[in-house]
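Since the structure comes first, as structure tokens, the remarks are kept for the end.
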Amino acid sequence: QVQLVESGGGLVQAGGSLRLSCAASGSIPRINAMGWYRQAPGKQRELVARIFSSGSPNYADAVKDRFTISRDYAKNMVYLQMNSLKPEDTAVYYCNAQIGSQYVTYWGQGTQVTVSS
């Protein structure tokens, strides 16, 4: 099985920045995609950003032009640089990976991001 561990969350003022990291370990024959989702209280989990093996990223409309996803698949890691943070970005952020020929999905335990006004 694969394990994903997030780090880098915390408390930041509006307009500030955070950088999240996710490390994957375990049996990883191939990483097809890695990304980030978030879930705020009372809301469904939503896609923030993901990046494919080609290097092509996609972003939720709410974070475009503010967040940047990057990855180092050789190290089984993905990152999320979050700039110009807003209070509405407050959520638990979860790392996600799709791995192997069957595109099995794995999730991390999440890291809390809190943006104060």
Revision key, fill the gap. Every listed condition ((1) exposed (fewer than 15 other Cβ atoms within 10 Å of the Cβ); (2) closer than 18 Å to V113 by Cβ) holds for N58 save (2)
Check your understanding: What do you reckon, is A49 farther than 17 Å from Q3 by Cβ, modelled with pLDDT of 95 or more and in contact with a Pro (Cβ under 7 Å, 6 or more places away or on another chain)?
Key -> yes
Check your understanding: If you take the residues of the range 60-116 that are hydroxyl-bearing (S, T, Y) and in a loop (DSSP other than H, G, I, E, B), which of them is nearest to V48 (Cα to Cα)?
Key -> T90
Study note, to complete from the structure: Among the residues of the range 70-104, the number that are among the β-branched types (V, I, T) and either modelled with pLDDT under 95 or within 12 Å of S21 (Cβ to Cβ) (or both) is 3
**Study point:** Among the residues listed as A97, A74, the single one being in contact (Cβ under 8 Å) with a residue 40 or more places away in the chain, under 19 Å from I31 (Cβ atoms) and hydrophobic (A, V, I, L, M, F, W, C)
**Key:** A97
Practice item. Please specify each residue of the range 80-90 satisfying the condition of being within 15 Å of S7 (Cα to Cα) and crowded, with 18+ Cβ neighbours inside 10 Å. Key: L80, M82
**Study point:** the range 1-47: number of residues that are open to solvent by 30 Å² or more (accessible area, probe 1.4 Å) and aromatic (F, W, Y)
**Key:** 1
Check your understanding: Within the range 7-45, can you find the residues that are within 12 Å of the chain's Cα centre (by Cα), part of a strand (DSSP E or B), within 27 Å of A74 (Cα to Cα) and not aliphatic (A, V, I, L, M)?
Key -> S7, R19, S21, C22, G35, W36, Y37, R38
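The values are calculated or read from the model by the stated rules, or taken from the named source; none is laboratory data. Bear in mind the structure is a predicted one, so any value in this text is a computation, not a measurement. Heads up, the Cβs are rebuilt from the backbone with ideal geometry, glycines too, and the neighbour counts pull from every protein chain shown. Quick note on the areas: whole protein, heavy atoms, side chains included, nothing else; ligands and nucleic acids left out. Shrake-Rupley method; radii C 1.70, N 1.55, O 1.52, S 1.80 Å.
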